[in-house]
Amino acid sequence: MASDTQCSAGEFLEIARKVESGERLSRQDAIKLYHYPDAAEVGSLAESVRRRKAGAGKERHVYYIHNMHLNPTNFCVETCRFCSYANPGQNSYTWTVDEVVEEARKGVELGINEIHMVGGLNPICNLNYYEEVFRAIKSQFPHVHLKAMTAVEIEYLANLEGITYKDCLLRLMDAGLGSMPGGGAEIFDESVRERMAVKKTPAAVWLEIHGVAHSLGLKSNATMLTGIGENVENKVDHILMLREQQDRSGGFMCFIPLKCYYEGTNIKDEVSEPTNEDLLRDVAVSRLLLDNFPHIKAYWIQLGETLAQTALSYGADDLDGTILEEKITHAAGAKTPLQLAKERMEELISKAGYLPVERDTLYNIKRVVQPVA
Ligand code: V47
Ligand code: SF4
């Protein structure tokens, strides 16, 4: 007899039937999908959902954005054990407002239309600092969308200033904040958080801040970091908490499964590293469970170009961005390029059998790259 977690062919067919009829999957269904022996079949089921959600005429669309990452400081009062980016001793830095603007200019000159800005929790970089940074960037480059400040940074800034999350967000929106990235979610399970990121924003606060942002009309993303000692149940519960938050507030645009890199950390011996199949299953199961999320991102920086391409046939419909200079994962040993040219991004998507679509942050289509006849 099959155990509670094993998934037989008959049980998989029953889950597939639910998916086809648009029925919402349960926690138990998701756990079974993680244990179904044939990952590729789970992937095809997710791919069918991706096609259906895309809508008529867009079934083969895969999105990317021409963007840059900006990290104004790597000094951080937090001590997440998986993070090699923050506090590298003598190499700690904090940019002035002018320095941030000069970095932004390099991207703008290359034609980027989004700045993805996140940084350490640094008392020097207070609310006033970010208001000045945002205003300076928006006054010089008004067309650029600012996707900035994780929920962790919002919690820190609001506490630093003694104001509510809502007031903190309103001030940043007034200064030019356009949307929020999905970082800082890690794994919501308390015991994993306790081991890996003791003081970090608890799940309820992370979700609350995104809920407040959504109520103010700000869109946001959500992530999950694997390879930090989580189990299948922790991942399923994490994804379900996001689905519930999305039912309540509705402003998430996409979900991004992340994978931990270990260089510069001391956690490798305590955790098991996700295999490529695990990473593809995260993409597929999240596409199947998150029936209320429009998009699933295959973050090429962490997956690598080939696995990111494969993830497109496991339910992902977005490759993230060209990026210009990624620091967080590269500080922890990622060997992927620091950036991709738009042409390379489009080539990756077309070679995987999809139609490259350049988008803006809010998933408005800027350009559909037509196949060469
Ligand atoms: O929150 C930290 C993760 C995240 C490591 O919203 C690490 O569009 C791997 O959230 N190895 C930041 N990961 C990245 C992020 C993101 C990326 C792309 C797009 C979007 C979006 C958001 O990076 C952190 C943390 O979970 N991280 N250390 C590490 N050693
Ligand atoms: Fe700080 Fe973020 Fe690194 Fe944690 S992951 S130490 S909050 S920069």
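The values are calculated or read from the model by the stated rules, or taken from the named source; none is laboratory data. What you see is a predicted model; the values in this text were computed from it and never measured. FYI the Cβ positions are ideal-geometry reconstructions off the backbone, even for glycines, and counts take in every protein chain you see.
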Close pairs (8 angstrom Cβ cut-off, 6 or more residues apart or separate chains): of a type in the set (D, E, K, R) in the range 235-253, modelled with pLDDT of 95 or more and in a helix (DSSP H, G or I) anywhere: 235/34; 235/282; 235/285; 237/27; 243/289; 248/211
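If you scan the range 10-43, which residues turn out to be charged (D, E, K, R) and surrounded by fewer than 21 Cβ atoms within 10 Å (Cβ to Cβ)?
Keep residues of the range 10-43 that are charged (D, E, K, R), which gives 11, 14, 17-18, 20, 23-24, 27, 29, 32, 38, 41.
Those that are charged (D, E, K, R) and surrounded by fewer than 21 Cβ atoms within 10 Å (Cβ to Cβ): 11, 14, 17, 18, 20, 23, 24, 27, 38, 41.
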Of the conditions (1) without any contact (Cβ under 8 Å) to a residue 60 or more places away in the chain; (2) not in a helix (DSSP H, G or I), the single one that residue 353 does not satisfy is (1)
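Any chance you could count how many residues in the range 51-72 are of a type outside the set (Gly, Ala, Ser) and either assigned to a loop (DSSP other than H, G, I, E, B) or near ligand 2 (Cβ under 9 Å from one of its atoms) (or both)?
So in the range 51-72, the residues of a type outside the set (Gly, Ala, Ser) come out as 51-53, 58-72.
Imposing the further condition that a residue be either assigned to a loop (DSSP other than H, G, I, E, B) or near ligand 2 (Cβ under 9 Å from one of its atoms) (or both) reduces the set to 58-60, 66, 71-72.
The qualifying residues number 6.
This table checks each residue for (1) more than 24 Å from residue 30 (Cα to Cα); (2) within 14 Å of ligand 1 (Cβ to nearest atom); (3) surrounded by fewer than 19 Cβ atoms within 10 Å (Cβ to Cβ).
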residue: 214; (1), (2), (3): yes, no, no
residue: 221; (1), (2), (3): no, yes, no
residue: 230; (1), (2), (3): no, yes, no
residue: 236; (1), (2), (3): no, no, no
residue: 256; (1), (2), (3): no, yes, no
residue: 259; (1), (2), (3): no, yes, no
residue: 264; (1), (2), (3): yes, yes, yes
How many residues does the range 52-85 contain that are more than 19 Å from the chain's Cα centre (by Cα), hydrophobic (A, V, I, L, M, F, W, C) and under 30 Å from residue 196 (Cβ atoms)? 3
Is at least one residue of the range 117-129 among the small types (Gly, Ala, Ser), closer than 30 Å to residue 195 by Cβ and within 16 Å of ligand 1 (Cβ to nearest atom)? yes
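Report, by residue number, each residue of the range 233-265 that is in a loop (DSSP other than H, G, I, E, B) and within 16 Å of ligand 2 (Cβ to nearest atom). Before you say what the answer is, go through the steps one by one.
Step one: list which residues in the range 233-265 are in a loop (DSSP other than H, G, I, E, B), which gives 250-251, 260-265.
Passing the criteria: 260, 261, 262, 263, 264, 265.
Of all residues in the range 176-210, which are crowded, with 19+ Cβ neighbours inside 10 Å, in a helix (DSSP H, G or I) and in contact (Cβ under 8 Å) with a residue 24 or more places away in the chain? Show your work before the answer.
First, pick out the residues of the range 176-210 that are crowded, with 19+ Cβ neighbours inside 10 Å: 176-189, 192-193, 196-197, 200-201, 203, 206-207, 209-210.
Pick out the ones that are also in a helix (DSSP H, G or I) and you get 192-193, 196, 203, 206-207, 209-210.
Listed by number, the residues that qualify are 192, 196, 203, 206, 207, 209, 210.
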Have a look at 322, 310 and point out the one that is in contact (Cβ under 8 Å) with a residue 12 or more places away in the chain, closer than 30 Å to residue 93 by Cβ, touching a helix residue (DSSP H, G or I) at 6+ places or on another chain (Cβ under 9 Å) and crowded, with 18+ Cβ neighbours inside 10 Å. 322
Considering residues that are within 13 Å of ligand 1 (Cβ to nearest atom) and of a type in the set (Ser, Thr, Tyr), the number found within the range 144-159 is 1
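Looking only at residues that are of a type in the set (Ser, Thr, Tyr) and either in contact with a Leu (Cβ under 7 Å, 6 or more places away or on another chain) or within 13 Å of ligand 1 (Cβ to nearest atom) (or both) in the range 309-333, which one is nearest to residue 259 (Cα to Cα)? I'd like the intermediate steps shown before the answer.
The first filter runs over the range 309-333 and keeps only residues of a type in the set (Ser, Thr, Tyr), leaving 310, 313-314, 322, 329.
Next, only the ones that are either in contact with a Leu (Cβ under 7 Å, 6 or more places away or on another chain) or within 13 Å of ligand 1 (Cβ to nearest atom) (or both) stay: 310, 314, 322, 329.
Numbers: 310: 16, 314: 16, 322: 19, 329: 9 Å.
Only one residue fits best here, namely 329.
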Test result for residue 46, closer than 30 Å to residue 14 by Cβ, away from ligand 1 (no atom under 12 Å from the Cβ) and crowded, with 20+ Cβ neighbours inside 10 Å: yes
Do you know which residues across the range 329-344 are under 29 Å from residue 33 (Cβ atoms) and either touching a strand residue (DSSP E or B) at 6+ places or on another chain (Cβ under 9 Å) or surrounded by 20 or more Cβ atoms within 10 Å (Cβ to Cβ) (or both)? 329
Tally up the residues in the range 122-154 that are surrounded by fewer than 20 Cβ atoms within 10 Å (Cβ to Cβ), aliphatic (A, V, I, L, M) and not in a helix (DSSP H, G or I), please. 1
From the list 279, 288, 362, which one is out of contact with any strand residue (DSSP E or B) (no Cβ under 8 Å at 6 or more places or on another chain), of a type in the set (A, V, I, L, M) and either at negative phi or part of a helix (DSSP H, G or I) (or both)? 288
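Restrict the check to the range 215-227 and report whether at least one residue is modelled with pLDDT of 95 or more, small (Gly, Ala, Ser), at positive phi and under 16 Å from the mean Cα position of the chain (by Cα). Even if it seems obvious, please write down each step before you answer.
Step one: filter the range 215-227 for residues modelled with pLDDT of 95 or more, giving 215-227.
Still in the running and small (Gly, Ala, Ser): 215, 217, 220, 222, 227.
Next, only the ones that are at positive phi stay: 217, 227.
Pick out the ones that are also under 16 Å from the mean Cα position of the chain (by Cα) and you get 227.
Within the range 215-227 (the criterion being modelled with pLDDT of 95 or more, small (Gly, Ala, Ser), at positive phi and under 16 Å from the mean Cα position of the chain (by Cα)), the answer is yes, since at least one residue qualifies.
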